[in-house]
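Participant: Structure below; questions to follow.
The values are calculated or read from the model by the stated rules, or taken from the named source; none is laboratory data. As the structure is a prediction and not an experimental result, all values here were calculated from the model. With ideal geometry, Cβ positions are generated from the backbone for all residues, glycine too; neighbour counts draw on all protein chains shown.
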């Protein structure tokens, strides 16, 4: 199968391209003009402009059997206009789907987000049966992208991953690893709310599984590791990988939140500590296998992230 991968130079894309090749697919990597993409010589390269501009997708999609659409604004963040979320996450998806229908690429895997159905925290275990209630422009744009596929004739699969970790991860998880690398006690001992995470390897496995499995067509799936961890357990796993004991002190959440806001890290707590447990049972029942020991995976990841001076 010839597979077009958009967002091929991103955190997920740069690992997905060689993985899909290993599964026997021919891969065409869609990258922005001027992007320094280092791929295997057998990877086809298709260049395009900024996703905010009008792009002729037909020649990029033409000749492909499937699209794995990873490109877009990957996270909610300050300073991004609602219109830009809609333009890049929703309308680009719709344009790609239309191009796929015109050029005969019937299979489409959309990388959506758990935020298409929920706020950053939820008071119950999330499943695909929940009525989607995105809480911000990012989540709304992802849900609108899903709707664009539902309205077309393609054999699509929607994946809604939770927070993804892996080698090269950035953002809040990387910032947390830097904190974990500190030799000082950390004030996270009282944070017991649990959070579902997802290894990048498992997510790429879900992509490959969906491409190969007819039963996943025109279905939506939550993608998450099998077990959720508390914030306290996440920090402990990272510190273990960094060669340190837990070193956690129980500080009331209100005081901790105020302290993090004072140093410009106020969003870290709400993004990682708020309870958000997502149930991947539907995709597991279809035949996908997720990471089963998230703590061990985080410990192994931490060993690749921060050099530790043990003197």
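Participant: Just one of (1) within 19 Å of the chain's Cα centre (by Cα); (2) modelled with pLDDT under 85 trips up residue 307, so point out which.
Facilitator: (1)
Participant: Also, I was wondering about something else. May I ask you to list the residues in the stretch 130-161 that are touching a helix residue (DSSP H, G or I) at 6+ places or on another chain (Cβ under 9 Å), over 30 Å from residue 62 (Cα atoms) and surrounded by fewer than 16 Cβ atoms within 10 Å (Cβ to Cβ)?
Facilitator: 133, 135, 136
Participant: Touching a residue at least 24 places away in the same chain (Cβ under 8 Å), surrounded by 23 or more Cβ atoms within 10 Å (Cβ to Cβ) and closer than 18 Å to residue 173 by Cα: is that true of residue 238 in this structure?
Facilitator: Against the criterion (touching a residue at least 24 places away in the same chain (Cβ under 8 Å), surrounded by 23 or more Cβ atoms within 10 Å (Cβ to Cβ) and closer than 18 Å to residue 173 by Cα), residue 238 qualifies.
Participant: While we're on this one: Between a first residue in the stretch 76-105 that is without any contact (Cβ under 8 Å) to a residue 40 or more places away in the chain and a second residue that is part of a loop (DSSP other than H, G, I, E, B), which pairs have beta carbons less than 8 Å apart while being 6 or more apart in sequence or on different chains?
Facilitator: Qualifying pairs under 8 Å: 84/52; 84/73; 87/51; 87/52.
Participant: May I ask you to verify whether residue 29 is at pLDDT 95 or above and either within 22 Å of the chain's Cα centre (by Cα) or farther than 20 Å from residue 72 by Cα (or both)?
Facilitator: Against the criterion (at pLDDT 95 or above and either within 22 Å of the chain's Cα centre (by Cα) or farther than 20 Å from residue 72 by Cα (or both)), residue 29 qualifies.
Participant: Taking the condition crowded, with 20+ Cβ neighbours inside 10 Å, closer than 30 Å to residue 246 by Cα and outside the structural domain of residue 260 (by TED's automatic domain parsing), does residue 114 pass?
Facilitator: Here the answer is yes, as residue 114 does meet what is asked.
Each row is one residue, and each column tells you yes or no for (1) in contact with a helix residue (DSSP H, G or I) (Cβ under 9 Å, 6 or more places away or on another chain); (2) within 30 Å of residue 195 (Cβ to Cβ).
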{"residue": "66", "(1), (2)": "yes, no"}
{"residue": "83", "(1), (2)": "yes, no"}
{"residue": "89", "(1), (2)": "yes, yes"}
{"residue": "93", "(1), (2)": "yes, yes"}
{"residue": "106", "(1), (2)": "yes, no"}
{"residue": "112", "(1), (2)": "yes, yes"}
{"residue": "116", "(1), (2)": "yes, yes"}
{"residue": "121", "(1), (2)": "yes, yes"}
{"residue": "125", "(1), (2)": "no, yes"}
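Participant: Taking the stretch 240-280, which residues are closer than 18 Å to residue 185 by Cα, at pLDDT 80 or above and part of a loop (DSSP other than H, G, I, E, B)?
Facilitator: 242, 243, 244, 245, 246, 247, 249, 250, 251, 252
A quick yes/no check of all residues on (1) surrounded by 20 or more Cβ atoms within 10 Å (Cβ to Cβ); (2) touching a strand residue (DSSP E or B) at 6+ places or on another chain (Cβ under 9 Å); (3) touching a residue at least 24 places away in the same chain (Cβ under 8 Å):
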site: 170; (1), (2), (3): no, no, yes
site: 175; (1), (2), (3): no, no, yes
site: 182; (1), (2), (3): no, no, no
site: 187; (1), (2), (3): no, yes, yes
site: 190; (1), (2), (3): no, yes, yes
site: 199; (1), (2), (3): yes, yes, yes
site: 202; (1), (2), (3): yes, yes, yes
site: 207; (1), (2), (3): yes, yes, yes
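Participant: Now, a different point. If I ask for residues that are over 14 Å from the mean Cα position of the chain (by Cα) and more than 14 Å from residue 75 (Cβ to Cβ), which ones from the stretch 158-180 would you list?
Facilitator: Those that are over 14 Å from the mean Cα position of the chain (by Cα) and more than 14 Å from residue 75 (Cβ to Cβ): 176, 177, 178, 179, 180.
Per-residue answers, yes or no, for (1) more than 24 Å from residue 213 (Cα to Cα); (2) assigned by TED's automatic domain parsing to the domain that holds residue 55; (3) crowded, with 22+ Cβ neighbours inside 10 Å:
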| residue | (1), (2), (3) |
| --- | --- |
| 8 | no, yes, yes |
| 11 | yes, yes, no |
| 15 | no, yes, no |
| 20 | no, yes, yes |
| 27 | no, yes, yes |
| 31 | yes, yes, no |
| 40 | yes, yes, no |
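Participant: Here are some conditions: (1) under 23 Å from the mean Cα position of the chain (by Cα); (2) modelled with pLDDT of 95 or more; (3) surrounded by fewer than 15 Cβ atoms within 10 Å (Cβ to Cβ). Residue 56 meets all but one. Which one does it not meet?
Facilitator: Against the list (1) under 23 Å from the mean Cα position of the chain (by Cα); (2) modelled with pLDDT of 95 or more; (3) surrounded by fewer than 15 Cβ atoms within 10 Å (Cβ to Cβ), residue 56 comes up short only on (1).
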